Amino acid sequence: METGIIALIPFLVLLGAVFNGTIALLHAHDEETPDCKVTWIGCFAPILSFIFSCWSFCKVKGGAILTCYLYNWFTAGDAGSAVAIDFALRVDELTSVMLLVVTGVGSLIHIYSMGYMHGDKGYARFYAYLNLFMFFMLMLVMGDSMVVLFLGWEGVGLASYLLISFWWEDGYKADCGKKAFIVNRIGDLGFLLGMFALFSVFGTLNIHGVKKDSPSLHESVTAQAAKIENRDVFRPNADPEIVPHGVFKGWRYANVFTLAALLLFLGACGKSAQIPLFVWLPDAMAGPTPVSALIHAATMVTAGVYMVARMGFLYSQSTAAMAVVACVGALTALIAASMGLVQNDIKKVLAYSTVSQLGFMFIAVGVGAYSTGIFHLFTHAFFKACLFLGAGSVIHGMHHEQDIRKMGGLKEFMPHTYWTFLLSSIAIAGIFPFAGFFSKDHIMLMAFSSNTLGHLGKFLWGVAFIAAGMTAFYMFRLVFLTFHGQCRAERKVQHHIHESPFSMVSVLWLLAIGSVLVGLFGRHHGDPFGAYVDQAVHGHEAHPSGSLALLMAVASVLWALAWILAAKHFYLDNPEKPKEVAEEYDQAYQLLNEKFYVDTLYDGGIVQPIWAAAKGFLFKIVDVKVIDGVINALGVFVRLVGEILRIFHTGAVRTYVAFLLFGAIVFMWLMVS
Amino acid sequence: MDPKAYLTVAAILFVLGVEGFILRRNMIIILMSVELMLNAVNLTLVAFARMNLDMDAHVVAFFVMALAAAESSVGLAIVIAVFRLKRTANVDDMAIMKG
């Protein structure tokens, strides 16, 4: 159904960004900024978008698919084989869910920022960037063409950079922003190459096609895949279909699918912080906490998961790619969880937790259970945003102290923050009947009983199971160290600890209630969510038996409870125990603390050589000697020519007369001959 | 009369004018040589006009005369100005624009 209303969803937010940006620029050097105006514009735009998203959700639930063809962005190629890249938006079931998450949780975080960023000099700039981010994220989820998706993809990377290094006067924070953007770019290379591969083979970049008869990847891929008789990529001549022309001429289509899927997944690794490109997310915590909540928990980092689900028709054709996605997800989930066990900064623990939960989502989409992955995305948005905003509340109340070793006993000082944080922690640990249980348990069930991956699925279940246990442990470590026990802050800081204002606390409660209740949409209650999203993505879901499901559910809950009790033992009952264990296993502790030396590896192996090459070679030789040399040589050349011409300027009239005559004779001779 | 004689005289006058222009030291003599050249040209024009019975050359001769008058007045003004500066009419001493 063609409707222009869905175009309002992103463009209203863009308008908000433009307004706030103008205000920020105009008042850049003033003492007084019109914070009230900024807040009204900055908060209303996403709220309006949320209202329209609800409207489109109702429409899509009724069976329609909303499209909006804006204009023909560009047409490339000659007349015969021209390719039209259209700027078109398309809302189907998957997109409508993402819209609700982005605009809903986004609006709440905009409201929260009212209190958190109060008094900051860059208040208007903050809201401008935040709105800009939402615009790009909405473009990402609503785009029908891969090009529009990529526009959003890049744009959220940009917004992330702008927001992480929001307080750029501090050099460290600016560097964190740069790191995020650069690592993202590496992933984007993979994404671009995947797009190019798909384009080269199928000649279009529309995912579903908005206009009648416009070519689309969905059609082309499914049509081509239907012709493949045998999916075994190791047996030659089994796939009768070969790509006829282009760069991939002679390739079998099955291999093209695998390659494109893997390349696109590389992009997802960069955006969604999977191994090996996860290193930017912990450092991204240098940005303001609402940013961490919105971008690095609820929305931007989930773009990779969305992309895999959206291109599910491609991934379903390639078992190899699915296996890679699921394995990388599982590995990331485990390793990130292990790193979260030893972090001392409240936000870094949550950052590693996000990486780990994203790993879970990738396990889900890797085994073909796309709607399950998106369901975990949905629940995760609630409880992770609540956790981050709660951490923000703690930081706000502790006057920008972030080290949990200096906290403790905050539950008396900040009861609202405590209760919402606790509820979200129970949710993320996966305790029945909170939301995290339904989504995480469903993922593990799907992995275990996956038909596509068979025994690998069972192995992945094991990895995920361990990671889930670690999740419960480190989350409750965080809760106990921050809110329980004796307050370890200094006396004078203790006097100033206060609960956060209503604008912040109300959002916390809304999100906490969400993280308790949204599990009701899950599998155990008829799975309305899964059924709804499946209409868009057609996952290969396994159908495990009810008894297996029950057994697994009980096992998960008991496992999580065991780890919570372990955390209680270590951090509540015997506060000295952790230090003893750390000293005893100090090598393992060092390994975890240094994040498996991944950052050191990247720094030594990639960053330092690039720096050395840049300074030693490109700067000292190419820039100073070659480029400057050429420019200087030009100047020297001009001077030399001048020196030569100077010889003729004798100043003596008679010489000039001689030249005049000589010229006249030559001229006359030429006229005659 | 044979017009060729006029042409010959004009040619000789012209060459003499060129010699004076190149080889003389005094500014005023150089200006006189320029006048000589112009007069030689006038003679040539009139001779050809007579040869071809064409009135256009006569008109051109008038133009040249008017032009010569204007040019010599300007030239003399410049010589006077330079003489006031340099106190010499020797063309070799006027290498002010050297380099």
* Please name which of A:414, A:470, A:510 has its Cα lying farthest along the dipole of region A:318-575 towards the positive end, using unit charges on Cβ (Lys, Arg +1; Asp, Glu -1) and the Cα centre as origin. => A:414
* Structure fact -> Checked against a 26 Å limit on the C-alpha separation, the offending pairs among A:179/A:384; A:173/A:271; A:406/A:440; A:440/A:568; A:411/A:579; A:173/A:347 are A:406/A:440
* Structure fact -> Shape call for region B:40-99, from the Cα gyration tensor axes a ≥ b ≥ c (a/c under 1.5 means rounded, otherwise prolate when a/b beats b/c, else oblate), comes out prolate
* Asked: How big is D for region A:591-673, in µm² s⁻¹ as a whole number, if Stokes-Einstein is applied with the Kirkwood radius of its Cα pairs at 4 °C and 1.567 mPa s?
  -> 68 µm²/s
* Take every Cα-Cα distance within region A:318-575, group them into 5 Å bins from 0 onward, and report for each bin the whole-number percent of pairs it holds. => 1, 7, 14, 18, 19, 15, 10, 7, 5, 3, 1, 0, 0
* Asked: With each pseudo-label sitting 7 Å past Cα toward Cβ, what's the residue B:80-residue A:643 distance in nm, one decimal?
  -> 4.6 nm
* Asked: Given a Förster radius of 60 Å and the C-beta distance between residue A:36 and residue A:633 as r, what FRET efficiency does 1/(1 + (r/R0)^6) yield to the nearest 0.05?
  -> 0.50
* Among A:578, A:605, A:564, pick out the residue whose Cα is farthest towards the positive end of the charge dipole of region A:547-648, where Lys and Arg carry +1 and Asp and Glu carry -1 on C-beta, about the Cα centre. => A:605
* Starting at the first residue of region A:433-443, write each ³J(HN,Hα) from the Karplus equation 6.51 cos²θ - 1.76 cosθ + 1.60 with θ = phi - 60°, in whole Hz, x for Gly and Pro. => x, 7, 4, x, 4, 4, 6, 5, 4, 4, 4
* Distance in nm between label sites at residue A:496 and residue B:5, each 7 Å beyond Cα in the beta-carbon direction? -> 12.2 nm
* Structure fact -> So, relative contact order of chain A in percent, Cα under 8 Å, 6 or more apart, is 11 percent
* Could you run the Karplus curve 6.51 cos²θ - 1.76 cosθ + 1.60 with θ = phi - 60° over region A:349-364 and give me ³J(HN,Hα) per residue in whole Hz, x for Gly and Pro? => 4, 5, 5, 5, 4, 4, 4, 5, 5, 4, x, 4, 4, 6, 4, 4
* To do: Return the lysines within reach of residue A:249: Cα separation strictly under 23 angstrom, same-chain partners fewer than 8 residues apart disregarded; answer none if there are no such residues.
  => A:227
* Structure fact -> Magnitude of the Cβ-charge dipole (Lys and Arg +1, Asp and Glu -1) of chain A about the Cα centre, nearest 20 debye, reported as 500 debye
* Asked: Rounded to a whole number, what is D in µm²/s for region A:1-144 from Stokes-Einstein with the Kirkwood radius over alpha-carbon pairs (20 °C, 1.002 mPa s)?
  -> 132 µm²/s
* Pick out, from B:82, B:39, B:17, the residue whose Cα sits farthest towards the positive end of the charge dipole of region B:3-93, with +1 on the Cβ of Lys and Arg and -1 on the Cβ of Asp and Glu. => B:82
* Structure fact -> Quarter of the surface of the C-alpha convex hull for the protein assembly as shown, i.e. direction-averaged projected area in nm², equals 55.0 nm²
* Structure fact -> Between the Cα axis of helix A:455-483 and the main Cα principal axis of chain A, the angle (0 to 90°, nearest 10) is 80 degrees
* Once a ≥ b ≥ c are taken as the square roots of the eigenvalues of the Cα gyration tensor of region A:117-208, is the result rounded (a/c under 1.5), prolate (a/b larger than b/c) or oblate (a/b not larger than b/c)? -> oblate
* Dipole in debye (nearest 20) - region A:342-433, about Cα centre, beta carbon charges: Lys, Arg +1; Asp, Glu -1 -> 60 debye
* Over region B:3-93, relative contact order from alpha-carbon pairs under 8 Å, at least 6 apart, % -> 31 percent
* Structure fact -> Averaged over the residues of A:53-59, the number of partner chain Cβ atoms within 10 Å of each residue's own Cβ comes to 0
* Structure fact -> When chain B is treated as a Gaussian network with springs between alpha carbons less than 10 Å apart, the largest mean-square fluctuation among B:47, B:57, B:70 is found at B:70
* Shape of region B:3-93, Cα gyration tensor, a/c cut at 1.5 -> oblate
* What angle do you read, to the nearest 10 degrees and between 0 and 90, between the alpha-carbon axis of helix A:502-517 and the longest principal axis of chain A? -> 60 degrees
* Asked: Which whole-angstrom value gives the distance between the alpha carbon centres of region A:446-480 and region A:120-141?
  -> 35 Å
* Rounded tilt (10° steps) of B:3-23 against the dominant C-alpha axis of chain B -> 10 degrees
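To the nearest 500 deg cm²/dmol, what mean residue ellipticity at 222 nm is calculated for the protein assembly as shown from DSSP H runs of n ≥ 4 alone, each contributing -39,500 (n - 2.57), summed and divided by the residues?
Helices in the protein assembly as shown give a 222 nm mean residue ellipticity of -22500 deg cm²/dmol.
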* Asked: Counting pairs of alpha carbon atoms under 8 Å apart in space and at least six apart in sequence, what relative contact order in percent does region A:421-553 give?
  -> 38 percent
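Based only on Cα atoms, what Rg/Rh ratio does region A:355-502 have, Rh being taken as Kirkwood's radius?
Rg divided by Rh gives 1.09.
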* To do: Only Lys, Arg, Asp and Glu count, each charged at its Cβ (+1, +1, -1, -1), so figure out the dipole size of region A:30-125 about its Cα centre, rounded to 20 debye.
  => 340 debye
* Structure fact -> Ordered by fewest other Cβ atoms within 10 Å, a rough proxy for footprinting exposure, A:208, A:29 read A:29, A:208
* Averaged over A:639-650, how many beta carbons belonging to a partner chain fall within 10 Å of each residue's beta carbon? -> 1
* Asked: With labels modelled as points extended 7 Å from the Cα through the Cβ direction, what inter-label distance (nm, one decimal) is found for residue A:486 paired with residue A:186?
  -> 4.5 nm
* Phi to ³J(HN,Hα) by Karplus 6.51 cos²θ - 1.76 cosθ + 1.60 over region A:640-657, Hz, x for Gly, Pro -> 4, 4, x, 4, 5, 5, 4, 4, 7, 8, 7, x, 7, 4, 5, 5, 5, 4
* Sequence of A:584, A:154, B:35 once ranked by neighbouring C-beta atoms within 10 Å, starting from the fewest -> A:584, B:35, A:154
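Taken together, the values in this text are just the output of simple stated rules run on the coordinates, not laboratory data. Treat the numbers as computed from the prediction; the structure is a model and nothing was measured. Every residue, glycine among them, receives a Cβ derived from its backbone with ideal geometry; neighbour counts consider all protein chains shown.
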